[in-house]
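> Here it is, the structure, as structure tokens.
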């Protein structure tokens, strides 16, 4: 082969290699971008799951408390000596309270949370009074036990909300820091 043909083939080979390497570098950059996006999605999912788990724990306790309130009313009714009109009214109010509870979507209106909290506190006191003022209250130790359990759950509410807020703040911060197009989670605004 003559020298000029060798040089020509050498130039083509170098150009081909340069083109191939450039293409591989570009493919690697694209894959890195895809991995970063996948990493962000994974991280966002983990943070959302954390907030949702905290929410579920809080709601489970609230459901338990509402169940205990209903059970306390039932305990009074088992005495067969109670004011049926007051009982029916308290049962109806409890049913309304359950339906008025906020959700993760409706809690963005803080007045809904405040209204639920006030209604809960008021209804609890009414149900407690109804049970404790019963002449045979001392004969039914489960009534006292239920009242204590409800009070214990009430004491945990602030901590559940704080844990939820901390998880939701981490989720919202990740969205902000990474300029992601995702809906933020509403907060109770109770943080450590």
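The values are calculated or read from the model by the stated rules, or taken from the named source; none is laboratory data. The shown structure was predicted, so the numbers you read here are calculated from the model rather than taken from an experiment. Cβ placement follows ideal geometry from the backbone for every residue including glycine, while neighbour counts extend to all protein chains displayed.
> Does any residue of the range 123-133 turn out to be within 19 Å of the chain's Cα centre (by Cα), closer than 19 Å to residue 156 by Cβ, part of a helix (DSSP H, G or I) and in contact (Cβ under 8 Å) with a residue 24 or more places away in the chain?
There is no residue in the range 123-133 that is within 19 Å of the chain's Cα centre (by Cα), closer than 19 Å to residue 156 by Cβ, part of a helix (DSSP H, G or I) and in contact (Cβ under 8 Å) with a residue 24 or more places away in the chain.
> Continuing with the same structure: Consider only pairs whose beta carbons are under 7 Å apart and that are at least six residues apart or on different chains; among these, list those whose first residue lies in the range 142-170 and is in contact (Cβ under 8 Å) with a residue 40 or more places away in the chain and whose second residue is outside any helix (DSSP H, G or I) and buried (at least 17 other Cβ atoms within 10 Å of the Cβ).
Final answer for the pair search is 161/188; 164/188; 168/185; 168/187.
> Sticking with this structure for a sec: For the range 171-192, which positions are free of Cβ contacts under 8 Å to residues at least 12 places away in the same chain and in a helix (DSSP H, G or I)?
173, 176, 177, listed by residue number.
> Can you tell me which residue in the range 58-78 is surrounded by the most Cβ atoms within 10 Å (Cβ to Cβ), limited to those that are touching a helix residue (DSSP H, G or I) at 6+ places or on another chain (Cβ under 8 Å) and farther than 15 Å from residue 150 by Cβ?
Looking at residues that are touching a helix residue (DSSP H, G or I) at 6+ places or on another chain (Cβ under 8 Å) and farther than 15 Å from residue 150 by Cβ, I get 58.
> Does any residue of the range 100-108 turn out to be out of contact with any strand residue (DSSP E or B) (no Cβ under 7 Å at 6 or more places or on another chain), modelled with pLDDT of 95 or more and crowded, with 17+ Cβ neighbours inside 10 Å?
Scanning the range 100-108, I find no residue that is out of contact with any strand residue (DSSP E or B) (no Cβ under 7 Å at 6 or more places or on another chain), modelled with pLDDT of 95 or more and crowded, with 17+ Cβ neighbours inside 10 Å, so the answer is no.
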